[in-house]
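The values are calculated or read from the model by the stated rules, or taken from the named source; none is laboratory data. Just so you know, these numbers come straight off a predicted model, no measurement behind them. Cβ placement follows ideal geometry from the backbone for every residue including glycine, while neighbour counts extend to all protein chains displayed.
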Amino acid sequence: MSDDHAQPLIAHLIELRTRLLRCLICIMLIFLALLYFANDIYSIVANPLVRQLPEGSVMIATDIAAPFFTPIKLTAIVALFVSIPYLLFQVWGFVAPALYQKERRLILPLVVSSTTLFYVGLAFAYFVVFPLAFYFFINTAPMDIAINTDITKYLDFVMTLFVVFGFAFEVPVAIILLCWSGVTSPQSLKKKRPYIIVGVFIVAMFLTPPDVFSQTLLAIPMCLLFEIGLFFAKFYKPRQEAEDEQEFDE
């Protein structure tokens, strides 16, 4: 590799390292700021289950260190979620110089919308899915079963659903990127719509708890978001076509 090629590569690697360090520092600062409220944050996340528990039932810790470490683990995850706008900003700052001017105008709305959709997915899981799912689980339990959920297992369960719904709500962005990159097209996706809908319900079956409420509440929004993605994908020309037009204009 010649020096002319090595220098830009080294510069990109240095910039990448700098941006990664900024991301880590951001997450750490938010984590430290939230650490004092770790128990309160866990109480907020546990609230959808606590409200559904029968009278006299409480959450328990089967590990002696769980009451200390579990809220801290949750706080670290929350710090990561809160940092997402800044993390995406750093990603945007790294890739933007390699894009054409027209591409920057198209990608920036995707960065903003992907952040918004992720948070909407988290809110949908917390305010809609959790109450229905926990109500179903608790009210279908045998009469002689005492429901006392372990706080660590509860955290693992809700974090899985948070991630599933957060990324599931990114469907429009994924469709736009697939069409923009030339992998597929809105016309092709429309023809495959029946198969995609069936596939969505199958995916929801595997990603959510084994109850019809959670599966349906994941599949239906994904189908609606699929239609939204198809609509907006029409405004994004395939990247190769856009590059050809850019070169022709120049």
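Things to note:
- Taking (1) at pLDDT 85 or above; (2) in contact with a Pro (Cβ under 9 Å, 6 or more places away or on another chain); (3) surrounded by 16 or more Cβ atoms within 10 Å (Cβ to Cβ) in turn, TRP180 satisfies each apart from (1).
- From the list ALA38, ALA11, the one residue that fits, being small (Gly, Ala, Ser), over 27 Å from the mean Cα position of the chain (by Cα) and over 25 Å from SER113 (Cα atoms), is ALA11.
- Residues of segment 207-238 classified as under 25 Å from LEU177 (Cβ atoms) and not in a helix (DSSP H, G or I), total: 6
- Selection within segment 46-80 - within 24 Å of LEU24 (Cα to Cα) and touching a residue at least 40 places away in the same chain (Cβ under 8 Å): THR70, LYS73, LEU74, THR75, ALA76, ILE77, VAL78, ALA79, LEU80
- Residues of segment 1-25 classified as of a type in the set (S, T, N, Q), in a helix (DSSP H, G or I) and modelled with pLDDT under 80, total: 1
- Hits in segment 155-167 - residues which are over 21 Å from PRO221 (Cβ atoms) and surrounded by fewer than 19 Cβ atoms within 10 Å (Cβ to Cβ): ASP156
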